[in-house]
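Just below is one structure, and these are the notes that go with it.
The values are calculated or read from the model by the stated rules, or taken from the named source; none is laboratory data. These numbers come from a predicted model, not from an experiment. Note that each Cβ is placed from the backbone with ideal geometry, even for glycine, and that neighbours are counted across all protein chains shown.
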Amino acid sequence: DAKTTQPTSMDCAEGRAANLPCNHSTISGNEYVYWYRQIHSQGPQYIIHGLKNNETNEMASLIITEDRKSSTLILPHATLRDTAVYYCIVRLFSGAGSYQLTFGKGTKLSVIP
Amino acid sequence: DSGVTQTPKHLITATGQRVTLRCSPRSGDLSVYWYQQSLDQGLQFLIQYYNGEERAKGNILERFSAQQFPDLHSELNLSSLELGDSALYFCASSEGQGLGEAFFGQGTRLTVV
């Protein structure tokens with residue numbers, strides 16, 4: 001799996017957009033970028049994933065650079081409940097193969113009132 | 001609520017003992033994954049089952065074993081427990097073997113004394 005690099009921690013003011021960067025310079029052409037978050041020892045929660053196009057859902061937007069070597073997760077209006085550790089994961093998609101998420105240390109996002 | 005149920009929520013046991021952790025996946029999900037999260041190691045993938053068959057193995061100790069039953073629930077057996085086995089154990093499930101959204105349970109907190 002491609003290795004990812006994320007900042008250890010970030011702060012964001014409540015109501016502002018939180019932009020969480022991730023570096024994955026060794027990503028292969030068929031590897032997807034996934035984002036999960038974990039709120040204080042709860043089970044990790046899926047946020048979004050993408051291959052090369054930007055993606056948006058009700059939780060967040062994912063911006064992937066054209067060379068796919070980095071991406072940014074955007075929480076458009078951060079709330080206190082978004083305080084969590086955010087994990088950027090790169091994993092090969094295979095319909096018939098095994099699948100596991102390899103978690104790094106993630107970014108601890110603190111949303112400040 | 002992710003739809004993945006783990007029991008028990010908390011477990012305290014002595015060194016040398018054996019415990020069984022149980023996971024019921026979301027309805028319709030065929031894959032089950034087990035993860036261990038300790039303070040110093042982060043989230044570590046242990047093992048994956050798909051429709052009753054082992055599909056992938058991670059950093060799972062020989063003292064640990066798992067299985068997935070015909071009704072698709074899974075059990076993780078931990079034996080000859082050591083203090084270092086104290087951790088949060090998460091189960092996740094997904095629809096197929098391929099990459100998609102994985103849903104995590106709330107975990108079992110194991111304390112070995």
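For the reader, a short list of remarks on this structure follows.
- Residue that is at pLDDT 95 or above, of a type outside the set (Lys, Arg) and within 30 Å of B:THR108 (Cβ to Cβ), where the choices are A:LEU80, A:LEU92, A:LEU62, A:LEU101: A:LEU80
- Criterion: more than 21 Å from A:ARG37 (Cβ to Cβ), surrounded by 15 or more Cβ atoms within 10 Å (Cβ to Cβ) and in contact (Cβ under 8 Å) with a residue 12 or more places away in the chain - qualifying residue of B:GLN48, B:GLN37: B:GLN48
- For the range B:32-39, the count of residues that are within 17 Å of B:LEU83 (Cβ to Cβ), within 12 Å of chain A (Cβ to nearest Cβ) and outside any strand (DSSP E or B) is nonzero.
- Residue match in the range B:78-85 (condition: within 15 Å of A:THR102 (Cα to Cα) and either in contact with a strand residue (DSSP E or B) (Cβ under 9 Å, 6 or more places away or on another chain) or among the aliphatic types (A, V, I, L, M) (or both)): no
- Among the residues making up the range A:1-19, those that are among the hydrophobic types (A, V, I, L, M, F, W, C) and more than 14 Å from every other protein chain (Cβ to nearest Cβ) are A:MET10, A:CYS12, A:ALA13, A:ALA17, A:ALA18.
- Checking the range B:11-25 against the condition returns no match, with no residue being part of a strand (DSSP E or B), within 12 Å of chain A (Cβ to nearest Cβ) and over 15 Å from A:PRO44 (Cβ atoms).
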